[in-house]
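Below is one structure, written out as structure tokens; the observations come after it.
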6 protein chains.
Amino acid sequence: MMQEHRRASETRLERGRRALAEIDGQAGENVVAALADIAPDFATYLIEFPFGDIYSRPGLDLRAREIATIAALTAMGTAAPQLKVHIEAGLNVGITRDEITEIMMQMAVYAGFPAALNGLSAAKDVFGNRDAHTLPQTA
Amino acid sequence: MMQEHRRASETRLERGRRALAEIDGQAGENVVAALADIAPDFATYLIEFPFGDIYSRPGLDLRAREIATIAALTAMGTAAPQLKVHIEAGLNVGITRDEITEIMMQMAVYAGFPAALNGLSAAKDVFGNRDAHTLPQTA
Amino acid sequence: MMQEHRRASETRLERGRRALAEIDGQAGENVVAALADIAPDFATYLIEFPFGDIYSRPGLDLRAREIATIAALTAMGTAAPQLKVHIEAGLNVGITRDEITEIMMQMAVYAGFPAALNGLSAAKDVFGNRDAHTLPQTA
Amino acid sequence: MMQEHRRASETRLERGRRALAEIDGQAGENVVAALADIAPDFATYLIEFPFGDIYSRPGLDLRAREIATIAALTAMGTAAPQLKVHIEAGLNVGITRDEITEIMMQMAVYAGFPAALNGLSAAKDVFGNRDAHTLPQTA
Amino acid sequence: MMQEHRRASETRLERGRRALAEIDGQAGENVVAALADIAPDFATYLIEFPFGDIYSRPGLDLRAREIATIAALTAMGTAAPQLKVHIEAGLNVGITRDEITEIMMQMAVYAGFPAALNGLSAAKDVFGNRDAHTLPQTA
Amino acid sequence: MMQEHRRASETRLERGRRALAEIDGQAGENVVAALADIAPDFATYLIEFPFGDIYSRPGLDLRAREIATIAALTAMGTAAPQLKVHIEAGLNVGITRDEITEIMMQMAVYAGFPAALNGLSAAKDVFGNRDAHTLPQTA
């Protein structure tokens, strides 16, 4: 179930691009695109260090990594846009909606009920947005 | 691998005591004991809500729950004693030392290098303390 | 002046519902309603632990409890929606607008001027919203 | 019970010194003394703005002000030495030990259980230290 | 290049008004104006302490002071409106757009990539708003 | 005064080692050494990304970079060991003790007086430690 993260001939940037696409999908592309005119070098760092270095390491699977990230961003409470990207990412790597909801409820214990409530609100937005784009085309 | 969390006849306090013992072991007992003379009711709430309610829910296994908690406490950076308790707890529920180290390295991405360094320092203390209590009795 | 918080025959949920209604009024109902489709169990925990357990304890009156909460949420700066709910709650339990403003000004000392300014901005929104719903019906 | 905070002929520094002595007692003097060789001007600002300006304002009594400060510092979790000073200050202005414990327990709701536990630990230290200095001189 | 910060006959309020106008320009005026109906005394404190006392001190030039403030607000992540005011202020005192971008990128190291991304997003808004008001009047 | 940061043939690791030695000196070496047995890869990342990538960028001089870092770590209040390393680093790149003190006093405005007081306390420790190692050898 653990993908082979690293390929010998890849640069960090190539490996990071591959990891970013696998994990964050379109949401990751949007973050990179938004940096193009103000800090393009930062887009490169963002691909290289978090994705090319950290997420590509073999010692922890992507499911565990996204659980860690969703928990941390919910607890910190200062990263609403990034939390939404990683709720998407969590769903992309196989975490269920119910599991994401469990993580956020658990954060009430460590960061307080407001952190959990704001995390649940972000999850509700992401889930609702996904549903809006995948509704059955019924008449 | 998922233990049966809930038993019909248990109170929240009983269920919480059972979960606390399974997850935090002696470190959890110490936290409860330290509250005895200043806020004994808070020890009860601590057992009932986090452990009797949250950790006993079936929707997320204990391994995932401790990954979430270790990540959150490392990222927050304001809960050094509790982080150590949950590094112990993580080891108790089957997370490896290397996985804990991976979680902390990943937190550099979301909460900065100081948060990761302080998390690694806490892990080093816990690991060293465990080793000191399990050294082979060689002459 | 201290209401009798606890009644022997009540469950935590019943006691929490009573406390939530007394303290947060409609704003509390809205928080609970917003959780209905994503995390209904969390609505139960929110009523039971903060309101059924903590706010119902007799050792501190509701005025003091809301002063503590408004101060904490203003200082943390990560809980804007919850701060507004508790500004409402503070007014509900008898704290005056001027006292709320004093608390926020004081938070400049402990959490910095931005925290105080954002707290005052939240208060201004809540006060303005209240005024908009209670304007005299004059021709 | 509300002291007359302001006297017409006082400077901010004089008024602040009076308020600091009333509220923080010896602990406040120690903070000022520690600044003498590194940032004496900051000691002046500390007396003038928080104490000469804010705490001397008539719109909120000192009991309410210290409840707000103890709650905020407990929730923030980044100001352990200052929290201890204000637990002392709270006792000085008439808040009871049990009320301080209630405030900290309540902070579990807003900032998480670790914040509350660390606050209770600080309170235990301050209470114990007070007891050690006031034990009956029995043989 | 260091302006003479203090004039003997000025009050703190006068000195603060002068510093606020020089540093924050119109954005500072807007903050003060927004306080007029809810907490006018706080507007006075805001002018007196941060600007009349701190920013008017001769020991650090305004360029260095704004670098410090932009870095701190970006790292804290809880003061979005104030960060924008100080990006404006930084430009007012001679920090370039590229330097502001460098500061924010650096904050990824200390407060994580989300803090840096949100800081860059704030900078992009401020730069874009400036450009919108200074576009050449071409037909 | 701006060193030439980058050399064409250097790897990120080599460039980072050079920057780390120039900026943090012995304190930086100690951080790297402490990681050797628990997370040696993280020592590599720490050298490569913050120092090889960020601090080596030509768009902001090291004095400005250390002002930003000292301000951010003081304001965050969760990184006491790293703040001390960067007070050392600030002195290494030419920031004076008085300027460091000014930065910390200014942080009272943005992060509150406790953050400033704890920053000043860290500075006092670093300054005192430096003095203890450079005292004249008088009889």
For this session: For the stretch D:89-112, enumerate the residues that are closer than 20 Å to C:M104 by Cβ, of a type in the set (G, A, S) and within 13 Å of chain B (Cβ to nearest Cβ).
Result: D:A111
Exercise. Could you say which residue among A:A72, A:A80 is touching a residue at least 40 places away in the same chain (Cβ under 8 Å) and out of contact with any strand residue (DSSP E or B) (no Cβ under 9 Å at 6 or more places or on another chain)?
Worked result: A:A80
Problem set entry | Any hit, the stretch A:103-117, residues being buried (at least 24 other Cβ atoms within 10 Å of the Cβ) and outside any helix (DSSP H, G or I) | yes
Seminar exercise, completed: Heads up, the helices (runs of 4 or more DSSP H) in the stretch C:1-88 (entirely inside) with at least 2 residues that are away from chain A (no Cβ under 14 Å) and more than 23 Å from A:A123 (Cβ to Cβ) are C:12-23, C:25-34, C:62-76
For this session: All but one of (1) over 16 Å from the mean Cα position of the chain (by Cα); (2) on the phi > 0 side of the Ramachandran plot; (3) more than 14 Å from chain E (Cβ to nearest Cβ) hold for C:T134, so report the exception by its number.
Result: (2)
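Taking the criterion of being under 28 Å from B:A36 (Cβ atoms) and of a type in the set (V, I, T), would at least one residue in the stretch D:108-127 satisfy it? Break it down into steps so the answer makes sense when it comes.
Taking the stretch D:108-127 first, the residues under 28 Å from B:A36 (Cβ atoms) are D:108-127.
Then keep just the ones that are of a type in the set (V, I, T); that gives D:109, D:126.
Checked against the condition, which is being under 28 Å from B:A36 (Cβ atoms) and of a type in the set (V, I, T), the stretch D:108-127 yields at least one hit.
Per-residue answers, yes or no, for (1) of a type in the set (D, E, K, R); (2) farther than 27 Å from D:R17 by Cα:
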site	(1), (2)
D:S56	no, no
D:A68	no, no
D:T101	no, yes
D:M104	no, yes
D:A122	no, no
D:D125	yes, no
D:T134	no, no
For this session: Report yes if some residue within the stretch B:14-26 is touching a Leu at 6+ places or on another chain (Cβ under 7 Å) and not assigned by TED's automatic domain parsing to the domain that holds B:A123; otherwise report no.
Result: yes
Exercise. With respect to the numbered conditions (1) over 10 Å from the mean Cα position of the chain (by Cα); (2) touching a residue at least 40 places away in the same chain (Cβ under 8 Å); (3) buried (at least 20 other Cβ atoms within 10 Å of the Cβ); (4) over 28 Å from D:F113 (Cβ atoms), which one is the sole condition not fulfilled by D:D24?
Worked result: (1)
Exercise. Based on what the data block shows, is C:K84 touching an Asp or Glu at 6+ places or on another chain (Cβ under 9 Å), surrounded by fewer than 22 Cβ atoms within 10 Å (Cβ to Cβ) and closer than 30 Å to F:M105 by Cβ?
Worked result: no
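Tell me, which residue of the stretch E:59-81 that is in contact with a helix residue (DSSP H, G or I) (Cβ under 9 Å, 6 or more places away or on another chain) and of a type in the set (D, E, K, R) is surrounded by the most Cβ atoms within 10 Å (Cβ to Cβ)?
From the stretch E:59-81, those in contact with a helix residue (DSSP H, G or I) (Cβ under 9 Å, 6 or more places away or on another chain) are E:59-60, E:62-81; that's our starting set.
Next, only the ones that are of a type in the set (D, E, K, R) stay: E:63, E:65-66.
Numbers: E:R63: 17, E:R65: 25, E:E66: 27.
Residue satisfying both the conditions and the ranking: E:E66.
The values are calculated or read from the model by the stated rules, or taken from the named source; none is laboratory data. Computed from a prediction, not measured in an experiment: that's the story for all the values here. Don't worry about glycine lacking a Cβ; one is built from the backbone with ideal geometry, like all the others, and counts go over all protein chains shown.
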